[in-house]
1. I need the strands (runs of 3 or more DSSP E) fully contained in region 167-234, keeping only those with at least 2 residues that are out of contact with any Asp or Glu (no Cβ under 7 Å at 6 or more places or on another chain) and open to solvent by 20 Å² or more (accessible area, probe 1.4 Å).
2. Looking only at region 125-143, which residues are surrounded by fewer than 19 Cβ atoms within 10 Å (Cβ to Cβ), in contact with a strand residue (DSSP E or B) (Cβ under 8 Å, 6 or more places away or on another chain) and part of a loop (DSSP other than H, G, I, E, B)?
3. What are the residues in region 20-40 that are more than 19 Å from the chain's Cα centre (by Cα) and open to solvent by less than 50 Å² (accessible area, probe 1.4 Å), if any?
4. With among the aliphatic types (A, V, I, L, M), open to solvent by less than 40 Å² (accessible area, probe 1.4 Å) and more than 29 Å from D210 (Cβ to Cβ) as the only criterion, which of I122, I104, I110, I146 stands out?
5. Every residue in region 64-99 that is touching a Lys or Arg at 6+ places or on another chain (Cβ under 8 Å) and within 30 Å of M1 (Cα to Cα), please.
6. Is it the case, given these coordinates, that F72 is over 18 Å from the mean Cα position of the chain (by Cα) and in a helix (DSSP H, G or I)?
7. Filter region 48-69 down to the residues that are of a type in the set (K, R) and assigned to a loop (DSSP other than H, G, I, E, B) and list them by number.
8. Conditions: (1) open to solvent by less than 20 Å² (accessible area, probe 1.4 Å); (2) without any contact (Cβ under 8 Å) to a residue 60 or more places away in the chain; (3) not in a strand (DSSP E or B). A84 meets all but one. Number of the miss?
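The values are calculated or read from the model by the stated rules, or taken from the named source; none is laboratory data. Just so you know, these numbers come straight off a predicted model, no measurement behind them. Virtual Cβ from ideal backbone geometry, glycine too; neighbours counted across all protein chains shown. Side chains included, ligands, DNA and RNA excluded: accessible areas come from the protein's heavy atoms. Shrake-Rupley method; radii C 1.70, N 1.55, O 1.52, S 1.80 Å.
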Amino acid sequence: MIREHFAYHETITTILGDTDEEIAAAKKGMLSARRDLESYIASDPFFQLSYEPVPVREDAPEVVLRMADAGFEAGTGPMAAVAAAIAWAGAEEMQDFGASFGLIDNGGDIAFFSDRVLSVGIHAGTAPSSDKFAFVLPPQKTISGICTSSATVGPSISFGICDAVVCFAENPAKADAWATSLCNRITPETFSEVLPRTSALRGVYAVAGDWIGRWGTLPEIRPAKVDTGLITKG
């Protein structure tokens, strides 16, 4: 397996694949999606700035349509889904090339498909459980999303208190937007009240200090020693 760091402007990723050609395909897909997104933003700057859902033209590029759709469902601005939407485009290009395994981590927002079992570590800042457990993901042919938002880790804007909110969905963009939306609102006291009423999400895992909340169908969680050196950084 090849692991490669790839950064282009705000897109800062780790790509996992089996061959150099598959890694190159991932880069091609992400760069194409970025170009489409940048071109659309040039014609509609509000799309980039809004913290609320934004309607878009029917002929907008696929990456824009996915981000807008995710924003409307989760009640966020479309840019809440940008990282996973870009990663998704890269994963699709890997599949189109013929890859049976591919994973793109775009700053904690992951799009992947796999012919093998994978372990994804749980990093939640200074929370007591951070870096001690991992999700165990069974093989799956379709692309899915595992996306994380945090009020205490990283540069992203959050209005919440959670060290990590991880969302699992078949649609990576929706996993990303919901992670942002729920991280803005979840507390130990409100967890059951703010959980989404949507079929888009398979599961939610939230961490705030020594509190952990679980909802839906989550992968197996095992004790692990997470190597924080593998976290995607700029």
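1. On the way: elements: 201-208, 211-216, 220-223.
Result: 211-216, 220-223.
2. G125, S129, S130, D131, K132, P139, listed by residue number.
3. E22, A25, Y40
4. Working: I122 fails: more than 29 Å from D210 (Cβ to Cβ); I110 fails: more than 29 Å from D210 (Cβ to Cβ); I146 fails: more than 29 Å from D210 (Cβ to Cβ).
I104 is the lone residue from the list that is among the aliphatic types (A, V, I, L, M), open to solvent by less than 40 Å² (accessible area, probe 1.4 Å) and more than 29 Å from D210 (Cβ to Cβ).
5. First, the residues of region 64-99 that are touching a Lys or Arg at 6+ places or on another chain (Cβ under 8 Å): 69-70, 73-74, 81, 85-86, 88, 90, 93.
Within region 64-99, A81, A85, I86, W88, G90, E93 meet the criteria.
6. Numbers: over 18 Å from the mean Cα position of the chain (by Cα): no; in a helix (DSSP H, G or I): yes.
Considered against the rule, which asks whether it is over 18 Å from the mean Cα position of the chain (by Cα) and in a helix (DSSP H, G or I), F72 comes out as no.
7. Taking region 48-69 as the starting set, the residues that turn out to be of a type in the set (K, R) are 57, 66.
If the condition is that a residue be of a type in the set (K, R) and assigned to a loop (DSSP other than H, G, I, E, B), then R57 is the only one that fits.
8. A84 satisfies every listed condition except (2).
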